[in-house]
Each structure stands twice: as structure tokens, then as C-alpha cells.
């Protein structure tokens, strides 16, 4: 099971590495030197601890996943070197392509650290398999979650990451209408198609306090309702509610730390956030006995409701300053990826829920346990 799931996950993670390595994908030019010349160049004189850690940790999951795709075979040591070789080829390719981007600098040290990270990840996979931890995970997943729950688990796992990029409203992911209108207007500028762009008759206004509380509560509740649709027992739903709220609060606090510093970790916790979290907790408790299919329908209803409120409201000036602070910070290499994740996560959830609700009826697992 682990090797089967690891194969598509490794492709997805490799795509994320390509995105993070070549962002912002503009300004391509030929410097007149061989793209692989960085390999034989002297090691960089200046580097930071953040550069070392990020390059090692960035490739460790890829090495882990690639090794899992081969660890079920007999040649388990070869699986480690298989993962390292593929990760090295990817890293060298990305560094070579960076020589054509004005905002990126290819580095042999980065490539070495990437390979080291992949090696550590692959060795970790080998050790976990030898210790039986991967088999324990398979048994844990079978005990907690219904079959074919990979999509829901992936969405639940990426939700805290999506919260790392500052949102206009805490837990309010997917507010893209205003920005989408601006981007389309810029693209269609000086073209006859600009007149086809529909214009709003009323300017977007900031959220009312009651709507802000609703957006916070519904946003915090979405991954919980998603978990309700795939766990097997009702007591597991109680854990899902608690862990979901804790993960959301923790990720939002980490976002504040990365943006402003540790001393501002809880500045985002306003009275509206308190009320929204209480609302999410109460609604989560009330929905704990709902059948799995009803949990999916409720999640879809909450999602559409929240997106409607968010995309009919404008982001305030304070939020724009927050985004600028983030973009000027040390995480500029990754902000594009996290930002896209925050924008698109609700729409990935929307697609998943529509697909799950439209699937053939299944035995209602949550209504049978206690």
C-alpha cells in the first residue's frame, strides 16, 4: 500500500520542487555560458543557515517517497541509491535551468545539499521499513479511515500548509475574485476583449463583523467535516475535531511568526477569531452524529457559503501591507507556492466533495460505530 501511494505522491512532490526552483518563470535569457558551468565552480563563499536547512529539507521528502516506491522489492539497498540518483538528476536539472533566470543563481552547494537531503529521506524510509513502522501506518490507516480516502487525507494534510500564507480573514482561503479581476484587466489591456470583461456595478466592501465570524468558523470547520466523512468511528470524530482546530490555530500562529516575528505569534487572535472558533467547535459537536454522506453535503454547503462571502468582500489595506511584508521576507522562494496553495485549496476541496457526493452510495461507516 505504501509503495502504491508513494508513486503518485513522488511525482506531485517533484512537480512542486520544479515550481519552487524556477519561480517566477519569467525573464529567461542566455548568459553566454554553459548551463552546467556551476558544477565545477568554486563553492559559494557566502551562505546562510536557512539556505542549508531549506535545501536539505526540501529534497528529503522526495528521497523518502522515491525510496518507498522500490522498498517493497528485494533489493532494498538499491532502492536508496535509486532515490538518490533520481533526486540528483532533478536537482542538477533545476540548477542548470536557473542559469537562464535573472532572479535565480545556480549553485553547486545547493545541488550537494539537495542530494544530501534526498539521501537522508531515502535512508529514513529504509529504516522505518526495517523497524516495521510503515506496516504499522498501513494498519493504523485501515483502522481509522475508510478505503479510497487518499484524496481527503491529502486535503487534510495540506490545509495547515495553505494557512501559512497570510489570508485576509483567518481560515478564509480562496479569496481570489478581486485579484482575478485585476489580473484579467491587465492581460486584456489594449485589446478589444477588454470590453467583454464583466464589471461589477458595486465596489467590493470589507466583511461585516458577523460575516467575518462566520467565515472564520466555517473555514476552521471544513477540514473537520472532511475528516468526518472518512473516519470509521464516532469517537474518532472527536479526535478529528480537536486535532483539526489545534492544527489550524498552530498553522495560523506560525504564519504570524514567519511574517512578523515570534513576539507577534498571537496578534491575529481577535474577538472575531474567538467567536469563530467557538462556532466551529459547537457546530463540530452538533455534526458528530451526522452520516458520512451528510458530512460531505454539509462541508460542501459550508464551503460554498464561505467562498461566496469572501469573494464578495474586499481585502483591506492592512492585509495588503501584510502580504508585502511576507513577500519581502526570507521565504520569498516559497511564497509563490504557498500562496497558490492557499488560493486553490478550497477549490480542490470543492472538486473532491462534488466527486465524492456524486459517487455510488457506500455503506455509511460513521453511523455504525460509537
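The values are calculated or read from the model by the stated rules, or taken from the named source; none is laboratory data. All values derive from a computational prediction rather than experimental measurement. Here the Cβ positions follow ideal geometry from the backbone for every residue, glycine too, while neighbour counts run over all protein chains shown.
Mind listing just one residue for me: the one in the stretch 237-256 that is in contact with a strand residue (DSSP E or B) (Cβ under 9 Å, 6 or more places away or on another chain) and touching a residue at least 12 places away in the same chain (Cβ under 8 Å) and, of those, nearest to residue 275 (Cα to Cα)? Walk me through it before giving the result.
Taking the stretch 237-256 and keeping what is in contact with a strand residue (DSSP E or B) (Cβ under 9 Å, 6 or more places away or on another chain), we get 237, 239-240.
With the extra rule that they be touching a residue at least 12 places away in the same chain (Cβ under 8 Å), the set shrinks to 237, 240.
Details: 237: 22, 240: 20 Å.
Step by step, filter the stretch 237-256, then rank; the result is 240.
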Search the stretch 261-284 for residues being at pLDDT below 95 and either within 17 Å of residue 298 (Cβ to Cβ) or under 21 Å from the mean Cα position of the chain (by Cα) (or both), and hand back the single one that is surrounded by the most Cβ atoms within 10 Å (Cβ to Cβ).
-> 268
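Quick grid of which residues meet (1) under 21 Å from residue 175 (Cα atoms); (2) outside any helix (DSSP H, G or I):
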| site | (1), (2) |
| --- | --- |
| 227 | no, no |
| 238 | no, no |
| 267 | no, yes |
| 274 | no, no |
| 283 | no, no |
| 286 | no, no |
| 295 | no, no |
| 303 | yes, no |
| 309 | yes, no |
Answer with yes or no whether residue 42 is more than 30 Å from residue 132 (Cβ to Cβ), assigned by TED's automatic domain parsing to the domain that holds residue 117 and at pLDDT below 80.
-> yes
Please state which one of 24, 8 is under 23 Å from the mean Cα position of the chain (by Cα) and farther than 28 Å from residue 137 by Cβ.
-> 24
